[in-house]
């Protein structure tokens, strides 16, 4: 936000001018927007329009069509608009806090959204602090997304554009919305290590005067629930009846934090691993660019002792007949023992597995301990490490893997290059939707969780991968695991991508 413009607006407010704020993306200006501004201006003297910067536009891949400078330039040409400001945030909350408008206006679509739109709630809470009033105005309902999709303005000469065009011709929106709702009928069990992710945001000061090292100034910190706790929250937020069994430490347990951040809808049992802390992953992050600088992990990688292992298996056995799937996240830190795997193999058709290669288990990572499962989701690098093959294409590698692991589906993720699901007879590729990620931490867990729930709900593999890739893209717009995927948010994204294709 331009400080000079903000100062002008604040000075006008001090002179008793009524400030009205409108906020949006305005990717394709249309008559509905103009009417919106006209209706809003009637409530005050000064109309301010804040426009979301490109990196925070969450309207689907290849959006915005027009960059922030183009959108600002166009809105400035409207005589009814007094000031235009750029919003470098996901919501209008920060703009509201800066200028304290007398009125914040949204269109008729927002009249009853307060209950389920978390961004709108944040904005209105900020507005109330400055004693402003929220108003929805009436205007002609038009959708920029619908106009863009119908005319294919968002499509460029690249793989994602071609893929979207194919999807829009193959599936309509109402069908896709009906399919994703099948998840609500599931009963899931989430297994794997519970992890605490802690971010320290730091600003580089310079080289130390005495030692050969860089000096950073801490700005703030934030803590997130990761690992199987994050996965359980995802499963529950999409409507699945979710159970969760995991171990925490007998020291530095963070038990209050974990319970506070786990959804109350989850049936969670936190078991104790002796002589251990709850896994804590500290990451120092550049305050301005969100680049990770260095990480410190507090982990006891020893396997569960015999008594802990028996208790763990007993809890799993108790639930195995009442669930539809087991979402098993093996982070390789000692939670999933060979004996536990042996017992899980007896219910192999329900197991959806993600096993991860990391700096701690490098050299001991082994997929072959899982002989028979329903679905496995792994990164291309992990697959190549497992098969000691750097050159051959992934289709050939998947064939090799099938010789050692009997499973229905193998999903290979390739980061920004997308993901492919291999069934026993077909393969489906989906390009990455997260073109401008803020932070990729948690995106792999998100894709794995959603694709598992979809496949277990009998959603076809192609759509399952699309839904999972969309969810992963949404998760990358947040720092760390500060992400809450709910059905409403998911449906809004789908509508933005496919609206007009009914």
Task: Which of 179, 97 has the fewest Cβ neighbours within 10 Å, and the rest in rising order - done: 97, 179
Task: Stretchable slack from residue 372 to residue 414, in nm (0.36 nm times residue separation minus alpha-carbon distance) - done: 12.7 nm
Task: In degrees, nearest ten, helix 306-319 long axis to first principal axis of the chain (Cα) - done: 60
Open item on the list: Only counting other Cβ atoms within 10 Å, I'd like 76, 113 sorted with the fewest neighbours first.
Closed with: 76, 113
TODO: Using only Cα atoms, tell me the angle between helix 443-456 and the longest principal axis of the chain; keep it within 0 to 90° and round to the nearest 10.
DONE: 70
- [ ] Would you compute, for the Cα atoms of the range 1-64, the largest minus smallest coordinate along each principal axis and list the three values in descending order, in whole Å?
- [x] 43, 27, 12
TODO: Would you kindly state how much longer the chain becomes between residue 296 and residue 16 on full extension, computed as 0.36 nm times their sequence separation minus their alpha carbon distance, in nm to one decimal?
DONE: 95.5 nm
TODO: Please work out the ratio of the alpha-carbon Rg of the chain to 2.2 N^0.38 Å and round it to two decimals.
DONE: 1.06
Open item on the list: To test your reading of the geometry: what angle, between 0 and 90 degrees and rounded to tens, separates the Cα axis of helix 227-237 from the longest principal axis of the chain?
Closed with: 60
- [ ] Kindly identify the range 3-147 as rounded, prolate or oblate by the Cα gyration tensor criterion: order the square roots of the eigenvalues as a ≥ b ≥ c, call it rounded if a/c is under 1.5, otherwise compare a/b with b/c, prolate if a/b is larger, else oblate.
- [x] rounded
Task: Ordering of 295-306, 487-498 by packing [mean C-beta count within 10 Å, highest first] - done: 487-498, 295-306
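Quote the relative contact order of the range 3-147 in percent (integer), defining contacts as alpha-carbon pairs under 8 Å separated by 6+ residues.
Relative CO of the range 3-147 lands at 29 percent.
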Task: Neighbour-count order for 368, 121, fewest beta carbons within 10 angstrom listed first - done: 368, 121
Task: Net length gained if the chain between residue 162 and residue 488 were fully extended (0.36 nm per residue, minus Cα distance) - done: 114.7 nm
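Bear in mind that the values in this text are calculations on the coordinates, not laboratory data. Keep in mind the model is a prediction, meaning the values are calculated, not measured. Every residue, glycine as well, gets a Cβ built from its backbone with ideal geometry; the counts of neighbours run over all protein chains shown.
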